[in-house]
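Participant: This is the structure I want to talk about, given as structure tokens.
The values are calculated or read from the model by the stated rules, or taken from the named source; none is laboratory data. Just so it is clear, the model here is predicted, and its values are computed rather than measured. Please note: Cβ atoms are built from the backbone with ideal geometry, for glycine as well, and neighbour counts cover all protein chains shown.
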Amino acid sequence: MNKTSDEAVDDDPSVFHCTLELRTEGDWCRGLARVEEDGRILFDEWIATRALIASLLGNTQEPVMTCSCTVPECAGFYDQESRLSENLVHWSLRYEGRDLDLLFDRNAYEDAALAVLKHFRSHPWEDAEFGTVPYEYKEFEDFAKLVDNMLASSPRLAEKWNAPQIATRPAGGGS
Ligand SMILES: [Zn+2]
């Protein structure tokens, strides 16, 4: 346990090179992890955007994957950690009784995360009662401030945020 990204090996059955695919569903943020080798989906569940933001900035033990009720264990996720290295984002977690190490290409992970954050940042909500993103923040301004602080503290992310290739309307947007 507690392997670093460098020590993770390809022939370990619990280590997967994955892509993180994120989407919006109304005020919800949802994400799936797809195994690059065979396209298999390991899980498709709700995303805690506070933890997602933390994982873009460094190492965190805040659970990124969660349940619609905001209790990660309710959706089967335990012991989540995310570690950032030069080229990888490395999640370790226990899901459905299995210890998994998921290795994401850092650039692709950042692009996916920034696209959904950009969507929510540009679609302020008012008095929302439902949705993982409103659940996490008292007010839209709290979310906006967190995103803006993230961009202020990371020139790398700010540059991507302002780059034209990041979609401003991911699937599931709309009015
Ligand atoms: Zn639940």
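Participant: Could you grab me the full set of residues in region 56-68 that are touching a strand residue (DSSP E or B) at 6+ places or on another chain (Cβ under 7 Å) and closer than 19 Å to residue 99 by Cα?
Facilitator: Answer for region 56-68, where residues must be touching a strand residue (DSSP E or B) at 6+ places or on another chain (Cβ under 7 Å) and closer than 19 Å to residue 99 by Cα: 59, 60, 61, 63, 64, 65, 66, 67.
Participant: Still on this structure, please answer the following. Within region 128-148, can one find any residue that is in contact with a strand residue (DSSP E or B) (Cβ under 7 Å, 6 or more places away or on another chain), buried (at least 17 other Cβ atoms within 10 Å of the Cβ), of a type in the set (Val, Ile, Thr) and assigned to a strand (DSSP E or B)?
Facilitator: No: zero hits.
Participant: Still on this model: Go through region 63-89 residue by residue and tally those that are within 16 Å of the ligand (Cβ to nearest atom) and of a type outside the set (S, T, N, Q).
Facilitator: Qualifying residue count for the region: 13.
Participant: Working carefully through the options 48, 54, find the one that is surrounded by 21 or more Cβ atoms within 10 Å (Cβ to Cβ) and either under 30 Å from residue 140 (Cα atoms) or among the basic types (Lys, Arg) (or both).
Facilitator: 48
Participant: Which of the residues that make up region 100-139 are modelled with pLDDT under 95 and of a type in the set (Asp, Glu)?
Facilitator: 126, 127, 129, 136, 139
Participant: Please work out which residue is modelled with the lowest pLDDT, limiting yourself to region 74-96 and to residues that are in contact with a Phe, Trp or Tyr (Cβ under 9 Å, 6 or more places away or on another chain) and at positive phi.
Facilitator: Residue satisfying both the conditions and the ranking: 96.
Participant: A further question on this structure: Which residue is nearest to residue 57 (Cα to Cα), if the candidates are limited to region 149-165 and must be among the small types (Gly, Ala, Ser) and surrounded by fewer than 16 Cβ atoms within 10 Å (Cβ to Cβ)?
Facilitator: The qualifying residue nearest to residue 57 (Cα to Cα) is 153.
Residues checked against (1) touching a residue at least 60 places away in the same chain (Cβ under 8 Å); (2) under 26 Å from residue 164 (Cβ atoms):
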position: 82; (1), (2): no, no
position: 85; (1), (2): yes, no
position: 88; (1), (2): yes, yes
position: 92; (1), (2): yes, no
position: 101; (1), (2): yes, no
position: 109; (1), (2): yes, yes
position: 112; (1), (2): yes, yes
position: 122; (1), (2): no, yes
position: 138; (1), (2): no, no
